[in-house]
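Everything on this sheet refers to the single structure shown next.
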Amino acid sequence: MGAQGGGSQVGGSLLEREALRYIRELIRIDSVNTGDPRTIGDGEARAARLVHAALAEVGLESEFIESTPGRGNVVARLRGAGPDGGEPERGALVVHAHLDVVPVDGQDWRYPPFGAEIHDGLLYGRGAVDMKNFAGVLVAVARAFVREGFVPQRDLVFAFFADEEAGGVWGAKWLVEHRPDLFAGATEALSEVGGFSVPIPAASASRAPDAAGAPGRHRRAYLVATAEKGVAVARVTARGRPGHGSRPTSDNPVVRVARAVAAIGDHQFPFTRTPALETFLQRFGEARGLAFAAAAADVEAELAELGFTGSLLGAGARDTASPTVLEAGSKTNVIPGVATASLDLRVLPGHEETFIDELRAVVGPDVELEVSRWIAPIASPVDAPIVAAMQRAIEADDPEGLVVPYLLPASTDNKHLSRLGIAGYGFVPLRVPDDFDVFGQFHTADEHIPVDALTFSVRVTERLLRLA
């Protein structure tokens, strides 16, 4: 497939064409979220109005909500019915995507980040993966359902949020706090980060496969995020006597903060087999034809053999504390009275009570530790019927595909919806080449995705929403 510019058409069904059309139109809207209200324009509102208009065109009523000027959200509900035409037997399903994207400044792009250009079968642009791809898919699926007159088995709430990239303050968080009625009766939610394919490699020649396995047969796993780490920000502060640089002090704050940061860097939190990781190890191992080891160190070594898949799984097996910002002094010949370090904290489900105590022990008594902006981890059932529906939806396009739970080490808007008792799952189906690291496309330069992965995505998503 050669290069395609802004006006090129791609074949396929109406559903596939519309999905690609809306994905590209959304990418062309600069909805960068810098996190600083002074530098954020009205891109999210413009993207939301595009979605609002696309749904209205087919007669699906939606609500356009500006939580604050320029920060647009859209929510629509497609009513479902039970087998007898009465009220649905199950709670509503929220399917959602965010309309903001991270900045592109300081990155070297081959193609315009807001051009939505297609080159050699790849769609380039900020949001191609994170996550205007799924926003466009949801618009196309919603339009198709309305045109068909389809009545789902449960209410489907199509939600398009602002501000996910800066914590959802003006998006999902704001709506949960100010408009919970929009999600009335919802019990489950689908969004990022999961659904993308990863290879299931055969067992290495040096290790004997299990009888149940079929090493050598090429298969793909499709990861579904059934849990997410919690997120927090912490500050480590040391205070001491300021003085002249020529007379070293025993309580120099810079030295004490440096020791605390070094201790954090040297510390490794315990390897934890969460329910999501345990299920991954079991199902992925069976498909690979080789069971994973029992000992933590051996499991980590085996995960490392899986390349970028293993690195993603490994990041979700431990709590982490990453020093990210250091602040101290303003002049080389002045010993400052205060020094601080900022930390990015990621916490596993169930560790909320123990993690901070362990971190305090690591940094030691010579510094202060203050934790803020706490967003608790979430975990949803790994064997829920919706996960089985994902498997059936994948199999229709990839008969050998296997849906496998995992724990996402990052954070999504599912955390905000969880405050309403909504169980969140990360599943944006994408079938990609074995060497294509979808997670590695998040926030990077030249963000791109194969076009045929997007057509696969809309087919599987449409099928899943019929089944879920």
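Tabulated data
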read-out: For region 199-379, size of Cβ-based charge dipole, Lys and Arg +1, Asp and Glu -1, in debye; value: 480
read-out: Local net charge near Asp383, Cβ-Cβ under 14 Å (Lys/Arg +1, Asp/Glu -1); value: -1
read-out: Extended-chain gain in nm, criterion 0.36 nm per residue less alpha-carbon gap, Asp84 and Val254; value: 54.2 nm
read-out: Dipole-positive endmost among Leu345, Pro365, Gly289 within region 199-379 (Cβ charges, Cα centre); value: Leu345
read-out: Span per principal axis, largest first, for the Cα atoms of region 427-468 (Å); value: 35, 17, 15
read-out: Dipole of the chain, positive end: most advanced residue of His98, Gly310, Pro199 [Cβ charges, Cα centre]; value: His98
read-out: Approximate spin-label separation Glu57-Ala262, in nm, with each point projected 7 Å along Cα-to-Cβ; value: 6.2
read-out: Separation of the Val362 and Leu14 label points, Cα + 7 Å toward Cβ, nm; value: 5.5
read-out: Net charge contributed by nearby residues that have their C-beta within less than 14 Å of Gly426 (K/R +1, D/E -1); value: -4
read-out: Gap separating the Cα centres of region 414-468 and region 36-57, nearest whole Å; value: 21
read-out: Percent of alpha-carbon pairs separated by more than 14 Å within region 359-403; value: 68
read-out: Simple spin-label estimate for Val338 and Ala295 in nanometres, 7 Å along Cα-Cβ; value: 4.8
read-out: Neighbour cut-off at most 14 other Cβ (10 Å), DSSP loop, GluC sites (Glu not before Pro), region 283-376; value: Glu305
read-out: Rounded FRET efficiency, nearest 0.05, which uses the C-beta distance separating Gln282 from Val371 and R0 of 30 Å; value: 0.30
read-out: Hits among lysines - C-alpha to C-alpha of Lys229 under 25 Å, sequence gap 8 or more where chains match; value: Lys132, Lys173, Lys415
read-out: Rg and Dmax of the chain, Cα atoms only, in Å; value: 23.8, 85
read-out: Shape parameters for region 62-107, alpha-carbon atoms, Rg then Dmax in Å; value: 17.2, 57
read-out: Beta bridges by DSSP in the chain, antiparallel share as percent, to the nearest 5; value: 70
read-out: With 10 Å bins from 0: P(r) over region 199-379, alpha-carbon pairs, percent; value: 9, 29, 24, 17, 12, 6, 2, 0
read-out: Whole-Å distance, taken between Cα centres, linking region 73-87 and region 97-147; value: 28
read-out: Simple Cβ-charge dipole of the chain, Lys/Arg +1 and Asp/Glu -1, about Cα centre, in debye nearest 20; value: 420
read-out: Net charge over other residues, Cβ less than 9 angstrom from the Cβ of Gly167 (K, R count +1; D, E count -1); value: -1
read-out: Helix-only CD estimate at 222 nm, as mean residue ellipticity for the chain, using -39500 (n - 2.57) per DSSP H run (n ≥ 4); value: -9500 deg cm²/dmol
read-out: Label point at Arg235 placed 7 Å out along Cα→Cβ; residues across region 367-383 whose backbone nitrogen lies under 13 Å; value: 368-373
read-out: Estimated D of region 31-116 in µm² per second, where Rh is the Kirkwood radius over Cα pairs and Stokes-Einstein applies at 4 °C, 1.567 mPa s; value: 83
read-out: Karplus-derived HN-Hα couplings along region 384-392 (A = 6.51, B = -1.76, C = 1.60, θ = phi - 60°), whole Hz, x at Gly and Pro; value: 5, x, 5, 5, 5, 5, 4, 4, 5
read-out: Volume per residue of the C-alpha convex hull in region 305-460, rounded to whole Å³; value: 185
read-out: Separation between Cα centres of region 161-181 and region 364-404, rounded to whole Å; value: 20
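Computed from the coordinates by the stated procedures, all read-outs in this text should not be read as laboratory data. Everything numeric in this text was worked out from a predicted model, so none of it was measured. Positions of Cβ are backbone-derived with ideal geometry, glycine not excepted, and every protein chain shown enters the neighbour counts.
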